[in-house]
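Take a look at the structure set out below.
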Amino acid sequence: TQLLEQSPQFLSIQEGENLTVYCNSSSVFSSLQWYRQEPGEGPVLLVTVVTGGEVKKLKRLTFQFGDARKDSSLHITAAQPGDTGLYLCAGAGRGAGGTSYGKLTFGQGTILTVHP
Amino acid sequence: DTGVSQNPRHKITKRGQNVTFRCDPISEHNRLYWYRQTLGQGPEFLTYFQNEAQLEKSRLLSDRFSAERPKGSFSTLEIQRTEQGDSAMYLCASSSSGGPRTDTQYFGPGTRLTVL
C-alpha cells in the first residue's frame with residue numbers, strides 16, 4: 001500500500017510570508033500532482049511532475065520532485081490572501097515498464113490561511 | 001473542452017434509500033476514476049475504468065456500491081441502502097492513458113451526499 005505523508009496539516013501566515021509544504025513517501029511514484037481545492041469544489045490541478053529532480057515554477061509557486069521520485073515540495077513565495085485553500089499532493093503508482101497506473105494516492109492535505 | 005461534469009452537485013437522502021450519481025469525463029479521455037472525500041481528508045480511491053472495462057476496485061467499495069461505464073463515455077456510481085457513513089463528497093476524475101504526464105487526472109466539482 002502506497003502512503004503519502006503531507007505536512008504541515010495547517011498553516012496560518014501573514015501576507016508576504018514564504019511557506020513550504022512537504023509530501024513524503026517510502027514508495028516510488030511515476031508522477032506526482034499538486035492540486036488546490038476550495039470548500040465544496042473538486043481539486044483543481046496546479047502541476048504534474050514526472051522526472052526525478054524536476055523543478056517547475058508557476059508564478060510564485062515552485063514545485064520540486066525528489067531525485068528518487070518518493071517526495072515532493074511546494075514552495076510559495078510572498079503568499080497572498082488569494083492563496084488560501086486546501087493544497088493536496090497525489091502520487092500515481094507505477095505499472096509495467098514504469099508507466100503510470102490508475103489510482104492516485106493522496107496526502108492528507110494542507111489547509112493554508114493567508115491573513116491580509 | 002468543457003471539463004469533467006458531475007450531477008447532481010448535492011444529494012440529500014434518507015438512510016436505506018438508493019442513490020445514483022453521474023460523471024461525464026473530458027471527451028477525449030479514456031480513463032475515468034471515482035474517489036470519495038470526507039471532511040478534513042484527502043480523496044480516497046474507489047474504482048477506475050479504462051474505456052468500458054473496470055480495472056480496479058478498492059476495498060472501500062462494499063457490495064452496496066456499483067459503478068458502470070457502459071459505452072466508455074459517462075459513468076454512474078450507485079449506492080444501495082445508503083448508510084449515514086456514506087455521507088461524503090464523491091469525486092470523479094478523467095485522464096488519458098498515454099503516459100505519466102498525459103495520465104494527469106482532472107477532477108469534476110463533486111457530488112456532496114448527505115444521508116439523514
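The values are calculated or read from the model by the stated rules, or taken from the named source; none is laboratory data. Note that the coordinates shown come from a computational prediction; the quantities given were computed from them, not determined experimentally. Methodologically, a virtual Cβ is constructed for each residue, glycine included, from the backbone with ideal geometry; neighbour enumeration extends over all protein chains shown.
Can you go through B:21, B:45, B:74 and tell me which one is on the phi < 0 side of the Ramachandran plot and modelled with pLDDT under 95? Of B:21, B:45, B:74, the one residue that is on the phi < 0 side of the Ramachandran plot and modelled with pLDDT under 95 is B:45. Checked against the criterion of being in contact (Cβ under 8 Å) with a residue 40 or more places away in the chain and either part of a loop (DSSP other than H, G, I, E, B) or in contact with an Asp or Glu (Cβ under 8 Å, 6 or more places away or on another chain) (or both), the candidates A:3, A:74 yield just one match: A:3. Among the residues of region B:57-98, those that are among the β-branched types (Val, Ile, Thr) and under 26 Å from residue B:26 (Cα atoms) comprise B:76, B:79. Residue A:92 falls short on exactly one of the conditions (1) more than 9 Å from every other protein chain (Cβ to nearest Cβ); (2) within 30 Å of residue B:10 (Cβ to Cβ); (3) at pLDDT below 95, and that condition is (1). For region A:22-38, residues that are farther than 13 Å from residue A:90 by Cβ and either part of a strand (DSSP E or B) or not hydrophobic (A, V, I, L, M, F, W, C) (or both) total 4.
For region A:12-63, name all the residues that are more than 13 Å from every other protein chain (Cβ to nearest Cβ), basic (Lys, Arg) and touching a residue at least 24 places away in the same chain (Cβ under 8 Å). Scanning region A:12-63 gives no hits.
State which residue is farthest from the other protein chains (Cβ to nearest Cβ) when the search covers only region B:63-111 and only residues that are among the β-branched types (Val, Ile, Thr) and within 27 Å of residue B:12 (Cβ to Cβ). So the residue we want is B:82.
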